[in-house]
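Here's the structure we're looking at; comments come further down.
The values are calculated or read from the model by the stated rules, or taken from the named source; none is laboratory data. Predicted model, so just to flag it, every value in this text is computed and none were measured. Cβ placement follows ideal geometry from the backbone for every residue including glycine, while neighbour counts extend to all protein chains displayed.
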Amino acid sequence: MKGALDDFKVMLTRNEPLTGLARAVAFLVIFALGVVAGLWAAAGARQSSGGIVRPSITRFPSAAVYQPSAGDGVCCRPDPDAGFSEFVAPTRLMHDMTDEELFWRATLVPAAATGAQVAFMFLAGHGVLPLAPLWERFFRGHEERFSIYVHAPPGVAINVSEDSPFHGRQIPSQETSWGSVSLMDAEKRLLANALLDFSNERFVLLSESCIPVHNFTTVYEYLVGSEQSFVEVYYRDTKQCRNRYSRRMAPDITLRQWRKGSQWFELARGVATSILTDTRYYTLFRRHCRPSCYPDEHYVQTYVAMRHGDRNSNRTVTHVDWSTGGAHPVAYGARDATPELVRSIRTSREPCTRNSRPTTTCYLFARKFAPDALGPLLNMSAAVMHY
């Protein structure tokens, strides 16, 4: 094929006269050979590539909206009027893609963001956002620099007003259970939907019990200006870490590569995309990281340590108090939500590093705050958190 293409090029560059018709035919042949060669090369690249999700589908799903049906449920259908702007920055989050299709489409988006938004991804396991008024105050006035995604139980609609930044920001969801791989599936679902917006540059995973302990400008500049992601990664010879490892993951994941850390991560776009393209390691977690293993505390941590260790800070930006031991962290109620508590989280006693420089601003968010803590938090937000 290359030889034939070269022959035509030689013919066109000779000084011999060609009729207009002959020259037109020659150009058409060259163009056709070039198209065939390109398709041939693309097919070879697809066959040789590995680790990318490639479902056998022929349609390319577009953005979709909820459409009421005649039955008792709600169905989805593609939006026939979705234009290019909706493709690069979806405003209608409900769609009919399966997880496989969603993850595949999310891997086709740019590795680098075209904007500088921060995606705030809320994993609302109980289907409520009791601290939404505090977050609404935090987001106010910064609408062009953030996007929100909420994963709630199927069939549960988050109860917020139409002027709330949370309104219309739920993504298609599936049931989750604590300690199972379904929780990690939900995290990947949030990541994939957020990646569909080309403007999103950083991705923060939060729960409904999280609060921001700094104002939006501080949080935004801290994340967008960071050279690394924030995934807590460590190894300890304890039953909570070492004993959760399964030898059946070897040789792809060895005990020396096994890691643990906080579920609440923050990722740069390149690392987030890489997680969605992984099928090799996540398959092992799905098979062998069963209850008492807790994939949400090990998969992202192990994968990032193995593949992106130099791009990670090895710490989280979400404060959680595990000092009392047990399966759950300290929960802060109305009496616990004091200015002294929040100030102690805002300024760390032990400094950390950001962009290789020491800082006492180690945490941007904190959990676990109970619904009745909302009142005290709103009362102190202006004076203590500066929003």
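Points to keep in mind about this one:
- Residues (free of Cβ contacts under 8 Å to residues at least 60 places away in the same chain, in a helix (DSSP H, G or I) and within 28 Å of T283 (Cα to Cα)) located in segment 310-341: D310
- Count of segment 297-324 residues which are under 27 Å from F369 (Cβ atoms) and out of contact with any strand residue (DSSP E or B) (no Cβ under 9 Å at 6 or more places or on another chain): 4
- Taking the conditions (1) touching a helix residue (DSSP H, G or I) at 6+ places or on another chain (Cβ under 6 Å); (2) in a loop (DSSP other than H, G, I, E, B); (3) free of Cβ contacts under 8 Å to residues at least 60 places away in the same chain in turn, F198 satisfies each one other than (3).
- Filter result for L190 (part of a helix (DSSP H, G or I), within 30 Å of M97 (Cα to Cα), touching a residue at least 24 places away in the same chain (Cβ under 8 Å) and out of contact with any helix residue (DSSP H, G or I) (no Cβ under 9 Å at 6 or more places or on another chain)): yes
- Restricting segment 232-274 to residues that are among the basic types (K, R) and without any contact (Cβ under 8 Å) to a residue 40 or more places away in the chain, the residue that is farthest from L195 (Cα to Cα): K239
- Considering residues of segment 213-230 that are of a type outside the set (G, A, S) and more than 30 Å from P339 (Cβ to Cβ) only, the residue surrounded by the fewest Cβ atoms within 10 Å (Cβ to Cβ): E227
- Residues that are touching a residue at least 60 places away in the same chain (Cβ under 8 Å), surrounded by 14 or more Cβ atoms within 10 Å (Cβ to Cβ) and under 25 Å from the mean Cα position of the chain (by Cα), drawn from segment 347-383: R354, T361, Y363, L364, F365, A366, R367, K368, F369
- Residue within segment 216-237 that is touching a Phe, Trp or Tyr at 6+ places or on another chain (Cβ under 6 Å), aromatic (F, W, Y), within 25 Å of W322 (Cβ to Cβ) and not in a helix (DSSP H, G or I) present: no
- Selection over segment 344-359 of residues that are out of contact with any strand residue (DSSP E or B) (no Cβ under 7 Å at 6 or more places or on another chain) and not in a strand (DSSP E or B) gives a count of 8.
- Hey, P153 under 30 Å from R287 (Cα atoms) and either surrounded by fewer than 17 Cβ atoms within 10 Å (Cβ to Cβ) or outside the structural domain of T318 (by TED's automatic domain parsing) (or both) or not: yes
- Some residue of segment 111-134 being in contact with a Gly (Cβ under 6 Å, 6 or more places away or on another chain) and part of a loop (DSSP other than H, G, I, E, B): yes
- The set of residues in segment 360-381 being over 19 Å from F216 (Cα atoms), small (G, A, S) and part of a helix (DSSP H, G or I) consists of A373, G375.
- Candidates T324, T302 - the one that is at pLDDT below 95, within 28 Å of S182 (Cβ to Cβ) and β-branched (V, I, T): T324
- Residue tally, condition out of contact with any strand residue (DSSP E or B) (no Cβ under 8 Å at 6 or more places or on another chain) and hydrophobic (A, V, I, L, M, F, W, C), over segment 113-152: 2
- Residue match in segment 204-212 (condition: farther than 23 Å from T176 by Cα and surrounded by fewer than 19 Cβ atoms within 10 Å (Cβ to Cβ)): no
- Scanning segment 247-290 for residues that are part of a loop (DSSP other than H, G, I, E, B) and either touching a strand residue (DSSP E or B) at 6+ places or on another chain (Cβ under 9 Å) or surrounded by fewer than 17 Cβ atoms within 10 Å (Cβ to Cβ) (or both) yields A250, P251, D252, T254, R259, G261, S262, Q263, W264, F265, T279, R290.
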